[in-house]
């Protein structure tokens with residue numbers, strides 16, 4: 001259950017990064033909507049990270065949380081914000097995913 005909370009926390013991290021990116025290009029009332037989404041996602045992400053660390057090692061939980069956020073945010077950048085894709089970017093993204101899986105495997 002704590003791994004599920006940690007994954008959800010990481011996904012909310014992607015959410016707050018996405019809201020931050022959208023807020024800088026929005027105008028009018030949409031800016032406030034994206035900032036509200038940012039703070040909601042930020043709060044949920046931190047709370048779920050806290051709950052996950054009650055039973056998972058803090059080092060592992062933090063590394064997985066930031067890793068999910070990094071991978072997810074890069075993917076959002078590629079698919080939503082049309083950021084460039086090249087071999088090295090995908091290569092290092094895959095090594096990050098492999099590292100996250102390795103941490104999950106060696107952590108109880």
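Give the shape of segment 1-48 as rounded, prolate or oblate, defined through the alpha-carbon gyration tensor: a ≥ b ≥ c are the square roots of its eigenvalues, a/c under 1.5 means rounded, and otherwise the shape is prolate if a/b is larger than b/c and oblate if not. Don't skip to the answer; put the middle values down first.
Numbers: a/c = 4.68, a/b = 2.80, b/c = 1.67.
Because a/c hits 1.5 or more and a/b exceeds b/c, segment 1-48 counts as prolate.
Largest GNM mean-square fluctuation among 63, 17, 52, using the chain with Cα springs under 10 Å: 63.
At a 10 Å Cβ-Cβ cut-off, how would you order 104, 82, fewest neighbours first?
Numbers: 104 13, 82 8.
In increasing order of surrounding Cβ atoms, one gets 82, 104.
Its relative contact order, with pairs defined as Cα atoms under 8 Å and 6+ residues apart, puts the chain at 33 percent. In this simple spin-label model, placing a label point 7 Å from the Cα along the Cα-to-Cβ direction at both residue 83 and residue 3 gives a separation of 2.7 nm.
Just check the chain against the gyration tensor rule for me: Cα atoms, a ≥ b ≥ c as the square roots of the eigenvalues, rounded for a/c under 1.5, and otherwise prolate or oblate depending on whether a/b exceeds b/c. Walk me through the numbers on the way to the answer.
Values: a/c = 3.92, a/b = 1.28, b/c = 3.06.
Cα axes put the chain in the oblate bin.
Spacing of the modelled spin labels on residue 46 and residue 26, each 7 Å from Cα toward Cβ, amounts to 2.0 nm. Taking 30, 20, 93 in turn, the Gaussian network model of the chain (Cα-Cα springs below 10 Å) assigns the largest fluctuation to 30.
Oblate is the label for segment 53-100, because the ratio a/c of its alpha-carbon gyration tensor axes (a ≥ b ≥ c) is 1.5 or higher and a/b is not greater than b/c.
Taken together, the values in this text are just the output of simple stated rules run on the coordinates, not laboratory data. Predicted model only: the values in this text are computed from it and were never measured. Every residue, glycine as well, gets a Cβ built from its backbone with ideal geometry; the counts of neighbours run over all protein chains shown.
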